[in-house]
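The values are calculated or read from the model by the stated rules, or taken from the named source; none is laboratory data. Just so it is clear, the structure is predicted and the values come from calculations on it, not from any experiment. Note that each Cβ is placed from the backbone with ideal geometry, even for glycine, and that neighbours are counted across all protein chains shown. Quick note on the areas: whole protein, heavy atoms, side chains included, nothing else; ligands and nucleic acids left out. Shrake-Rupley method; radii C 1.70, N 1.55, O 1.52, S 1.80 Å.
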Amino acid sequence: MISEGFLKAERPLAQHSTSLAARVPQPDELAAMLAAAAPRLRLALAESLRPLLGGEKAQVECSKVEKIAAPRLHKMIDPVAVNLLLEDAGGAQMLASLDYAGALVLTDQVFGGRGDAPGVLPDRLPAATDLTMARLAAALGEALAGALERPQPLRLAARSEVLGKLVRARDDDMFLALRCEVALPGRNPWAVQLVMRLSQAALLLVEGARAPRPVDAAADVPVQSLDAPFADLPLELVAVLAEMSVPVSRISALRPGDTIPLAIPANIPLYLDRVAIAHGQAGSADGVLALRLTRLTHSQTEGHTHDR
């Protein structure tokens, strides 16, 4: 499970705003507020997606806002999909979901293609799609901030490919859902489903309800990634010394004792969860093969959490 801000329905809105203490906006009012923000979202999303789409401006169309229960949400979103949980500075959250086909279509377009998805979807998304989804999360966070008139972009708080880990099928809360379809001329469209909890809608939509997240007075120093207990968590690093293309006939003829020459590149990538975080040169240290780092690329791994 993820943060209580998204999973707890009984959070009192009045504590965030004296203007809401007398009357909490009704569900129909909140749905109308989200519908009113949809035109701004269309424009903001088209602009924020430009860097992903080679500078081209996409046509974005948003559906009507629906009020739905959790069982209906689980029918709308595939059991296995790309689910991105975005969060504002006050802790209010919005879910953005793409099916596997849409994620692959967008990835193909990011790399200059028409947006063709394979006939048979893979069991696991390729590394290029993982990177594309991280960039999409940033674009969505920026677009939502503009459409909802927030001072800062919403950030990626968590990612899971299993919807049930973010929203229980028997969740008692209601949700507001909005589907946005993105299309470029002559290319295949893709769509993202945006969902917010009705119990948190006012925190995202009503200006008076917005307040910084409460800070525990006893916790003046924020927890850093190098603090306990995170500093001792083991992470698997993979250094790729060589990659090659070998004909099928050669592979089928391989026998024990055969020798395969390796061309080790000057810059060897170092991967964390299939994302390159550094490059280095092969050498030796204390009599064993070693990698001397020449360049770090930490920024590629910041801002997202995978939940597989």
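Report whether or not Leu166 is within 13 Å of Val195 (Cα to Cα) and either modelled with pLDDT of 95 or more or of a type in the set (Gly, Ala, Ser) (or both).
Spelling it out, it is not the case that Leu166 is within 13 Å of Val195 (Cα to Cα) and either modelled with pLDDT of 95 or more or of a type in the set (Gly, Ala, Ser) (or both).
Suppose we filter the range 19-43 for residues that are more than 22 Å from Gly115 (Cα to Cα), open to solvent by 20 Å² or more (accessible area, probe 1.4 Å) and assigned to a helix (DSSP H, G or I); how many remain?
So the count comes out to 10.
How many residues are more than 15 Å from Val192 (Cα to Cα) and either in contact with a Phe, Trp or Tyr (Cβ under 6 Å, 6 or more places away or on another chain) or assigned to a strand (DSSP E or B) (or both) when one looks only at the range 68-98?
Here the count works out to 4.
Return yes or no: is Ala117 buried (at least 17 other Cβ atoms within 10 Å of the Cβ), assigned to a helix (DSSP H, G or I) and in contact with a helix residue (DSSP H, G or I) (Cβ under 6 Å, 6 or more places away or on another chain)?
no
Could you say which residue among Val65, Val105 is within 20 Å of Val195 (Cβ to Cβ) and touching a strand residue (DSSP E or B) at 6+ places or on another chain (Cβ under 6 Å)?
That would be Val65, the only listed residue that is within 20 Å of Val195 (Cβ to Cβ) and touching a strand residue (DSSP E or B) at 6+ places or on another chain (Cβ under 6 Å).
Does Leu131 count as aliphatic (A, V, I, L, M), closer than 17 Å to Val182 by Cα and either out of contact with any Lys or Arg (no Cβ under 7 Å at 6 or more places or on another chain) or in a helix (DSSP H, G or I) (or both)?
Judged against the criteria, Leu131 is not a match.
Identify the single condition in (1) more than 17 Å from Ala46 (Cα to Cα); (2) open to solvent by 10 Å² or more (accessible area, probe 1.4 Å) that Leu125 does not satisfy, given that it satisfies every other one.
Going through (1) more than 17 Å from Ala46 (Cα to Cα); (2) open to solvent by 10 Å² or more (accessible area, probe 1.4 Å) one by one, Leu125 breaks only (2).
Looking at the range 136-154, I want the residues that are within 11 Å of Leu86 (Cα to Cα) and open to solvent by 10 Å² or more (accessible area, probe 1.4 Å) and have a partner that is part of a helix (DSSP H, G or I) and of a type in the set (Asp, Glu) with Cβ atoms under 7 Å, at least 6 apart or on another chain. Which pairs are those?
Qualifying pairs under 7 Å: Pro153/Glu142.
Return yes or no: is Asp108 among the acidic types (Asp, Glu), surrounded by 13 or more Cβ atoms within 10 Å (Cβ to Cβ) and under 16 Å from the mean Cα position of the chain (by Cα)?
no
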